[in-house]
Amino acid sequence: MEGRDLLAYEIYIYVCYSGRSTGEMEEQVETVGKAFVDHYYHLFDNDRPSLTSLYQPMSMLSFEGQRLEGTENICNKLNQLPFGQCHHAISTIDAQPSSFPGGIMVFVSGSLQLPGQDYPLRFSQMFHLIPAAEGNFFIQNDIFRLNYG
Amino acid sequence: MDPDAVAKAFVEHYYTTFDMDRSGLSNLYQDNSMLTFEGQKIQGNANIVAKLVSLPFTQCKHTITTVDCQPSGPAAGMLVFVSGTLQLAGEQHGLKFSQMFHLMPTPQGSFYVFNDIFRLNYA
């Protein structure tokens with residue numbers, strides 16, 4: 001893991017263990033949410049196979065209504081999407097602490113530019129992040145939907 | 001009960017209640033519930049319902065396009081992800097929106113909304 005990816009994880013770990021007061025919890029959750037989103041879409045757009053590091057055997061993805069479970073199935077699906085280079089541009093990020101201890105809900109909207117397409121596709125996506133044994137986060141739940149015009 | 005059926009039943013109940021009488025949403029939230037509404041963060045049943053009731057329209061109608069659900073983990077919670085259109089009285093076109101709910105079970109055997117995030121989808 002290099003450069004900005006390492007920085008993003010350092011932010012996760014710092015925020016997770018820094019033991020802030022309730023008042024700062026909100027900011028903490030926002031910071032982790034934004035760092036995660038940045039990291040996720042950077043990987044997606046530049047090195048899709050390495051998304052495997054963000055999922056675990058119990059992870060679930062609903063992609064345009066299709067349900068997949070487990071790292072291998074999820075990553076096969078994402079790697080097989082019928083486009084090469086793509087670019088996600090993020091419009092909004094909302095984050096809240098989940099009921100799961102240390103867990104975070106992240107809700108994203110943005111647009112996805114595919115090569116050769118005149119116009120980007122608008123999408124919404126939610127992630128439920130759970131602290132992993134190694135001290136970072138993994139994606140327990142992932143739901144993706146295009147927003148048709 | 002089938003999780004998909006539970007999710008659809010919740011969505012129907014939520015938006016029907018919203019469209020008919022927003023104050024009736026009160027029994028779907030608790031003190032630890034959180035709502036982020038177009039980026040504004042609100043915590044707790046009373047504050048959430050006050051926000052929803054004070055939205056600057058009386059008549060509205062939600063039409064749901066997609067509902068996705070997944071179990072959220074060992075505590076038997078459920079995630080519900082909705083997209084649809086919100087028609088306000090007097091407006092020519094409906095507003096497109098996405099919303100996610102994290103439902104947690106109550107001791108009485110129903111669900112309440114723990115996390116709620118709402119965003120309009122601008123063109």
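Where a number appears in this text, it was derived from the coordinates with a stated rule and is not lab data. Fair warning: this is a prediction, and the values are worked out from it, not measured in the lab. In this analysis, Cβ positions are derived from the backbone assuming ideal geometry, glycine residues included, and neighbour counts consider all displayed protein chains.
Miscellaneous remarks
- Of the residues B:I117, B:V11, A:L114, the one whose Cα sits farthest towards the positive end of the charge dipole of the protein assembly as shown is B:V11 (charges of +1 on Lys and Arg Cβ, -1 on Asp and Glu Cβ, taken about the Cα centre).
- Counting neighbouring beta carbons within 10 Å and listing from fewest to most, the residues A:D45, B:D21 come out as B:D21, A:D45.
- Candidates B:G84, B:G24, B:G39, ranked by Gaussian network fluctuation over chain B, Cα under 10 Å, top entry: B:G39
- Using Cβ point charges alone (K and R +1, D and E -1), the dipole size of the range B:3-120 about the Cα centre works out to roughly 160 debye.
- Shielding by other protein chains, A:104-113, mean Cβ within 10 Å: 3
- The calculated FRET efficiency for A:A132 paired with A:N73, based on their beta-carbon distance and R0 = 22 Å, is about 0.70.
- Cβ-based net charge around A:R122, under 11 Å, with every Lys or Arg adding one and every Asp or Glu removing one: +2
- Placing a pseudo-label 7 Å from each Cα along the Cα-to-Cβ vector at B:T65 and B:S23 gives an inter-label distance of 3.4 nm.
- When the C-alpha to C-alpha distance is required to be over 30 Å, the pairs from B:K8/B:K96; A:K34/B:K96; A:K34/A:K77; A:K77/B:K61 that qualify are A:K77/B:K61.
- Inverting the pair-averaged 1/r between distinct Cα atoms of the range B:3-120 gives 14.5 Å as its Kirkwood hydrodynamic radius.
- Convex hull projection area averaged over all views, the protein assembly as shown, Cα basis, nm²: 15.0
- Among A:F138, B:F111, sorting on how many other beta-carbon atoms sit within 10 Å of each Cβ, with the fewest leading, yields A:F138, B:F111.
- Loop-located chymotrypsin sites (Phe, Trp or Tyr not before Pro) in the range A:34-110, at most 16 other Cβ atoms within 10 Å (DSSP): A:F83
- 12 Å cut-off, amide nitrogen to a point 7 angstrom out along A:Y148 Cα→Cβ, residues in the range B:70-84: none
- Exposure proxy order (Cβ contacts within 10 Å, fewest to most) of A:M58, A:M126: A:M58, A:M126
- Cα centre as origin, Lys/Arg/Asp/Glu Cβ charges: the protein assembly as shown dipole, Debye: 460
- Average Cα contact separation per residue, chain B, under 8 Å, 6 or more apart, as relative contact order %: 24
- Peptide B:60-71 - average C-beta neighbours from other chains (10 Å radius): 4
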